[in-house]
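Working notes for the structure below.
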Amino acid sequence: MGRGRVELKRIENKINRQVTFSKRRNGLLKKAYELSVLCDAEIALIIFSNRGKLYEFSSSGMTKTLERYQRCCFIPHDNTHERETQSWYLEVIKLNAKYEALQRTQRHLLGEDLGPLNMKELHNLEKQLEGALARARQQKTQIMMEQMDDLRKKERQLGDLNKQLIVKLEAEGQNLETIQGLWSCCGAAATENFPLHLSQTQPMECV
């Protein structure tokens, strides 16, 4: 007996739905790749998950294929407004595709959603991470060198200021010694000019 036909309807179980989506998505991407290789066809495949994540495949570049699709489907006619609307709509699709691609790359760099990547893509991701790590180390080293230069500059400034304070204190010390010497000389001169002889003083007699 042949297999019965499976009714196509939404899978209610969330886990089963996610597993089925992952399997069939990978199968669809694989089929698109095989068709592009076997038949030399230009294929562009865009998939959005229920969470809004983008999965895509393009044999000749998504932007190039979308532009070709626009030229084939949107034939110029007299309705300028409709033509501009269609052009803007396609431009929005391309921008959304680029945005989702950047988000996907960011998730890959954070180690997320690596399952669909093949060996070549994982190797390229590894090279990107190694390059980012090398640039981060280089930037860190540069910042440390700049901080060390600032510390050396401040050290020299503090050394110069210390020398200036020492010179100033020494000069003030010499001035103090000079003043003390002048007071000493003045005191000695006063004693010589106005000697005080206690023996010559006569006691006063009371009458």
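Rule-based calculations on the coordinates, nothing more; no lab input. The structure presented is a predicted model; accordingly, all values stated were derived computationally and were not measured. A quick note on method: Cβ atoms are made from the backbone with ideal geometry, for glycine too, and the neighbour counts reach across all protein chains shown.
What to note about this one:
- Compared with the alpha-carbon gap, the fully stretched path from residue 84 to residue 19 is longer by 19.3 nm at 0.36 nm per residue.
- Rg(Cα)/(2.2 N^0.38 Å) for the stretch 14-116, N = residue count: 1.26
- Each residue of the stretch 131-142 was assigned a 3J(HN,Hα) from its phi angle through the Karplus curve 6.51 cos²θ - 1.76 cosθ + 1.60 (θ = phi - 60°); the sequence is x, 5, 5, 5, 5, 5, 5, 4, 5, 4, 4, 4 Hz, with glycine and proline shown as x.
- In terms of the mean number of neighbouring beta-carbon atoms within 10 Å, the peptides 93-100, 142-149, 107-114 order highest first as 93-100, 107-114, 142-149.
- Summing Lys and Arg as +1 and Asp and Glu as -1 over all other residues whose Cβ lies under 12 Å from the Cβ of residue 63 gives a net charge of +1.
- Averaged over residues, the count of other Cβ atoms within 10 Å places the peptides 8-14, 31-37 in the sequence 31-37, 8-14, highest first.
- Within straight-line cross-link reach of residue 94, lysines at Cα separation under 16 Å, skipping those fewer than 8 residues along the same chain: 53, 64
- Remark: spin-label model distance residue 46-residue 149 equals 4.9 nm, labels positioned 7 Å along the Cα→Cβ axis.
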